[in-house]
1. Would you check if V177 is of a type outside the set (G, A, S), assigned to a strand (DSSP E or B), out of contact with any helix residue (DSSP H, G or I) (no Cβ under 9 Å at 6 or more places or on another chain) and over 21 Å from A129 (Cα atoms)?
2. For E175, all conditions in the list (1) out of contact with any Asp or Glu (no Cβ under 9 Å at 6 or more places or on another chain); (2) surrounded by fewer than 20 Cβ atoms within 10 Å (Cβ to Cβ); (3) under 19 Å from G137 (Cβ atoms) hold save one; what is the number of the exception?
3. R190 - would you say it is free of Cβ contacts under 8 Å to residues at least 40 places away in the same chain and either part of a strand (DSSP E or B) or among the aromatic types (F, W, Y) (or both)?
4. Going through the range 191-215 one residue at a time, which ones are among the polar types (S, T, N, Q) and surrounded by fewer than 16 Cβ atoms within 10 Å (Cβ to Cβ)?
Amino acid sequence: MSPQVEHTDVGAYALGLLDDGDRLAFEEHLRGCAACQGELDEMSGTAGILSAFGATAERAAEPSPAPGASAPAPVIDMMRRRRKADRRSRRVATAIGTAAAAAALAAGIGVGTALDDGGTSPNPAPTQAITGQKFTGKNPATGATGTVGLVDKGWGTQVNFQLGGIRGPLRCQLEAVSKDGTRSVVAGWRVPNEGYGVPEQPKPLVMQGGTALGRQQISHFEVRLDTGGTLLTIPV
């Protein structure tokens, strides 16, 4: 096989459509090809379903000789060669269909998870990653936890922020506090009744803001309540 044919045989191998020679050659190729290994893992969930359809189509496509009929040896040999060519064409088509089906299923699962915003799923969609230099804080008294990711910018500091372990209703703001006590509001938000990062609403709050304070000027961050008081402090 050529390398191109070997790569396209992943779907056919997953469905068991390769003949013995092609199967052994592909397995030899598979041992050293991480891309094919990964693709084979992705297809494993759909191969069982699709193989049933492939087997049915294969049986239906095989011509049945008329009872009592016989054909000369050259004709039989020609028919066998044509059947083999037909099977290979169907195999390649099935492989392409399998890859498309696997991609469609993966896309469907991803979109469905991203659109589920009810907060009732035991496996919520992953939130936006916190980038930059990370610092965390926790308030044992309230259970509030937070993480900031800091990125130096020409205008100051970009702040990526994640907050969990809080219930509403609340109105809060994140403030950057400099080493000389100067305060700068990074962002403000409202906490609904169900809260963020709690059993009733597992998804944390994820936001992005900024401050004119330089990264080296910042001493810590505070989550302040509009009614007064500090909900959480994150030292940096």
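1. On the way: of a type outside the set (G, A, S): yes; assigned to a strand (DSSP E or B): yes; out of contact with any helix residue (DSSP H, G or I) (no Cβ under 9 Å at 6 or more places or on another chain): yes; over 21 Å from A129 (Cα atoms): yes.
Yes, satisfied.
2. (1)
3. On the way: free of Cβ contacts under 8 Å to residues at least 40 places away in the same chain: yes; either part of a strand (DSSP E or B) or among the aromatic types (F, W, Y) (or both): yes.
The answer is yes for R190.
4. To start, the set of residues in the range 191-215 that are among the polar types (S, T, N, Q) comprises 193, 201, 208, 211.
Answer for the range 191-215, where residues must be among the polar types (S, T, N, Q) and surrounded by fewer than 16 Cβ atoms within 10 Å (Cβ to Cβ): N193, Q208.
Values quoted throughout were computed directly from the atomic coordinates according to the rules given, and no laboratory measurement underlies them. Here the structure is a predicted model, which is why all the values come from computation and not from measurement. Neighbour counts are summed over all protein chains in view; Cβ atoms, including those assigned to glycine, are modelled from backbone coordinates with ideal geometry.
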